[in-house]
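Colleague: Pasting in a structure now, in structure tokens, and then I'll have a few things to ask.
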Amino acid sequence: MKILVPVQFVPDLVEELVIDASGDRLDPYSIRWKLNECDDHAIEQAILLKEKYGGTVSVLAPDFEGVEDALYAAGAKGADRLVRLCADFEGGANTHALARLFLPLIQQEKPDLVLTGVQAYSSMDGNVGSLLAGMLDWPYVGYVSGVKPGDRKVWVRKDFPGGLTAELEAQLPAVLGIQAAETPPRYVPISKVRQVMKTCKIEEVNADLDPAGGVATRELRPPEGATRATMLDGDVEAVADQLVEILRAQGVL
Amino acid sequence: MNQDILVLVEQVRGQVADITYTMLAQARQLASAGAKIVALLIGNDAEALSQDLAADEVLYVDHPALKEFNGEAYAHLLAETITRLAPRLVLLGDTTIGADVAGWVSARLELPLVSCCRTIHAEGGDWVFVSPVCGGKLVAEGVLPAQTTVVTMQPGGFRTEQGRSAQPPHVARLEPPALDGLRITLKQYTEPQGEDVDITHQPLLVAVGRGIERQDNLDVVQELADALGGTVCATRPVVDQNWLPTSRLVGKSGKTVKPTVYLALGISGAPEHCEAITGSEMIIAVNTDPVAPIFNLARYGTTLDLLDLAPVLAEKARAVKVR
């Protein structure tokens with residue numbers, strides 16, 4: 001099975017999010033980018049499928065800060081082909097633009113399956129997977145937490161609210177939005193990543209960004225009511241005493 | 001294009017999801033005089049589900065293959081309806097159903113898409129969306145384009161009662177399209193397995209998020225829950241690590257809970273988690289990040305480290321019970 005995994009990067013929320021002087025976007029020079037967590041799960045799911053059923057895995061990543069680390073880590077996990085998509089990302093890239101960036105490679109490579117993270121917390125215009133499926137006119141299933149290939153079809157487990165899951169069958173080729181891989185993304189030792197850096201080459205593809213379909217933001221701001229909670233003062237002992245009284249007053253202790 | 005608003009009704013196993021009423025409430029607030037609110041209901045023997053929808057008209061498509069959600073069929077039907085009605089706005093839930101459909105439709109019809117929207121309000125002749133982004137740490141605001149726009153909505157912006165009506169709407173049946181070529185088929189639903197405890201019926205939930213850092217730190221949380229007489233539950237990242245079973249998952253693709261007290265430990269407060277806990281009588285948040293969005297929802301909060309606080313709180317709770 002030929003699997004393509006288009007991934008994206010999101011601002012690391014551990015860092016302070018700085019809004020730039022325009023007031024409508026994050027300061028591009030203060031963002032620390034990291035691989036989108038659901039995309040990490042998509043890579044893992046692709047590698048699991050390759051290990052169990054054979055095939056090849058290609059990971060496609062836009063040229064954001066950290067792209068080499070992410071791609072080499074994917075190579076160390078077992079990805080066969082690593083592709084960096086180069087464009088002018090300084091102003092960021094909305095989800096429609098990212099989907100269009102991946103589209104020609106998918107059309108050219110004709111994979112059986114495209115696995116991608118079902119969501120990214122910085123996205124404001126949908127998810128890459130369903131957009132790609134629409135552009136390709138392929139079937140799409142999102143919120144997937146289990147995948148098993150069959151004969152020109154794939155069996156998937158889709159999550160619904162309330163812990164309910166559905167077992168679906170989708171004809172190939174198809175796009176799946178991965179919520180969680182069947183096992184958590186594996187840890188790869190840095191020594192293995194270094195080894196891949198010596199033996200594996202990252203291919204570069206130049207492309208243009210077309211943001212049509214996304215929407216413009218006129219203001220980005222911290223949420224209102226940021227001080228709504230009454231903050232409990234004092235050291236651990238003092239706060240624990242206050243919490244005991246609160247829980248007793250609520251009748252749960 | 002007219003000024004009508006089209007709402008995709010979400011139903012799972014014969015029950016209309018609350019997000020449908022949230023979207024209808026939004027549509028009612030926004031619709032100008034003369035504009036229609038149209039709901040698209042898809043199902044099989046499901047016309048009765050239209051009874052309390054606060055819409056001017058319900059377009060109902062009935063077919064055995066549409067008894068349950070099928071993303072491909074929904075996307076095709078919605079795209080056809082948008083093309084025919086040319087509404088100003090198309091609302092879908094930012095859910096495991098709506099998010100599967102919205103992108104596909106946006107791409108096929110080349111329509112703009114806004115996701116994760118909390119509210120839309122009128123400002124002069126413009127419609128302005130407000131969407132939480134980056135795990136709720138920021139809010140984005142912008143003007144919807146002056147063309148048919150697809151929007152996925154999160155819960156929380158409106159009360160569901162505002163989207164219900166005692167007056168049944170007018171229902172128009174639509175001929176179902178040919179559905180024998182669907183490339184996605186539902187095989188079966190699977191109920192949650194290993195349901196050790198039903199977290200939706202517990203008065204005190206001790207919830208743990210990414211701040212727990214390591215699996216062995218869960219012992220401290222379990223000890224606290226035992227001391228308080230509570231039940232441990234978790235956010236998506238903790239369950240994805242297989243540190244707790246799916247039956248303990250609270251959030252968009254997990255359970256919605258309404259306990260007397262929700263003690264959130266190391267939880268940042270991402271929208272997909274918060275939407276499932278807003279019915280809690282009291283939320284207490286413990287998070288070292290003073291600007292974590294969970295503090296916008298919590299009644300009480302502290303920035304102490306949960307690993308420092310939990311053992312001390314457990315000890316004091318045990319002492320209270322002995323007294």
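Colleague: Can you tell me which of B:256, B:260, B:303 is of a type in the set (Val, Ile, Thr) and at pLDDT below 95? Give the derivation first.
Modeller: Working: B:260 fails: at pLDDT below 95; B:303 fails: at pLDDT below 95.
It is B:256.
Colleague: Return a yes/no flag: does region B:43-62 have any residue that is more than 29 Å from residue B:181 (Cα to Cα), small (Gly, Ala, Ser), in contact with a helix residue (DSSP H, G or I) (Cβ under 9 Å, 6 or more places away or on another chain) and in a helix (DSSP H, G or I).
Modeller: no
Colleague: Scan region B:85-96 and give yes if some residue there is within 7 Å of another protein chain (Cβ to nearest Cβ), closer than 14 Å to residue A:128 by Cα and touching a residue at least 12 places away in the same chain (Cβ under 8 Å), otherwise no.
Modeller: Checked region B:85-96: no residue is within 7 Å of another protein chain (Cβ to nearest Cβ), closer than 14 Å to residue A:128 by Cα and touching a residue at least 12 places away in the same chain (Cβ under 8 Å).
Colleague: Being within 21 Å of residue B:157 (Cβ to Cβ) and not β-branched (Val, Ile, Thr) is the filter here; which residues of region A:217-249 pass it?
Modeller: Correct list: A:218, A:219, A:220, A:221, A:222, A:223, A:224, A:225, A:226, A:228, A:229.
Colleague: Continuing with the same structure: For region B:260-282, which positions are farther than 22 Å from residue A:120 by Cα and of a type in the set (Val, Ile, Thr)?
Modeller: Filtering region B:260-282 down to residues farther than 22 Å from residue A:120 by Cα leaves B:260-265, B:278-282.
Correct list: B:260, B:261, B:278.
Colleague: Residue B:106 passes all but one of (1) surrounded by 24 or more Cβ atoms within 10 Å (Cβ to Cβ); (2) more than 7 Å from every other protein chain (Cβ to nearest Cβ); which number fails?
Modeller: (2)
Colleague: If you scan region B:191-211, which residues turn out to be surrounded by 13 or more Cβ atoms within 10 Å (Cβ to Cβ) and closer than 30 Å to residue A:171 by Cα?
Modeller: B:192
Colleague: State yes or no: is residue B:80 crowded, with 22+ Cβ neighbours inside 10 Å, of a type in the set (D, E, K, R) and farther than 18 Å from residue B:20 by Cα? Step through it out loud before you land on a result.
Modeller: Numbers: crowded, with 22+ Cβ neighbours inside 10 Å: no; of a type in the set (D, E, K, R): yes; farther than 18 Å from residue B:20 by Cα: yes.
When the stated conditions are applied, residue B:80 does not pass them.
Colleague: All but one of (1) among the acidic types (Asp, Glu); (2) modelled with pLDDT of 95 or more; (3) closer than 27 Å to residue B:238 by Cα hold for residue A:159; which doesn't?
Modeller: Here residue A:159 meets the rest and fails (2).
Colleague: Looking for whichever is in contact with a strand residue (DSSP E or B) (Cβ under 7 Å, 6 or more places away or on another chain), within 14 Å of chain B (Cβ to nearest Cβ) and not β-branched (Val, Ile, Thr) here; the options are A:212, A:216, A:207. Which one fits? Show your work before the answer.
Modeller: On the way: A:212 fails: in contact with a strand residue (DSSP E or B) (Cβ under 7 Å, 6 or more places away or on another chain); A:207 fails: within 14 Å of chain B (Cβ to nearest Cβ).
It is A:216.
Colleague: Inside region B:226-258, can you point out the residues that are under 15 Å from residue A:37 (Cβ atoms), under 17 Å from the mean Cα position of the chain (by Cα) and within 11 Å of chain A (Cβ to nearest Cβ)?
Modeller: B:236, B:251, B:252, B:253 - these are the residues of region B:226-258 that are under 15 Å from residue A:37 (Cβ atoms), under 17 Å from the mean Cα position of the chain (by Cα) and within 11 Å of chain A (Cβ to nearest Cβ).
Colleague: Just checking, which of A:137, A:159 is closer than 28 Å to residue B:105 by Cβ, touching a residue at least 12 places away in the same chain (Cβ under 8 Å) and of a type in the set (Asp, Glu)? I'd like the intermediate steps shown before the answer.
Modeller: On the way: A:137 fails: touching a residue at least 12 places away in the same chain (Cβ under 8 Å).
Going through A:137, A:159 in turn, the sole match is A:159.
Colleague: Scan region A:125-159 residue by residue and report those that are crowded, with 22+ Cβ neighbours inside 10 Å and either of a type in the set (A, V, I, L, M) or out of contact with any helix residue (DSSP H, G or I) (no Cβ under 9 Å at 6 or more places or on another chain) (or both).
Modeller: A:128, A:131, A:132, A:133, A:135, A:141, A:144, A:147, A:154, A:156
Colleague: Turning to a different aspect of this structure: Exactly one condition in (1) more than 10 Å from chain A (Cβ to nearest Cβ); (2) more than 26 Å from residue B:191 (Cα to Cα) is not met by residue B:315; state its number.
Modeller: Among (1) more than 10 Å from chain A (Cβ to nearest Cβ); (2) more than 26 Å from residue B:191 (Cα to Cα), residue B:315 violates only (1).
The values are calculated or read from the model by the stated rules, or taken from the named source; none is laboratory data. These figures come from a predicted structure and were not determined experimentally. FYI the Cβ positions are ideal-geometry reconstructions off the backbone, even for glycines, and counts take in every protein chain you see.
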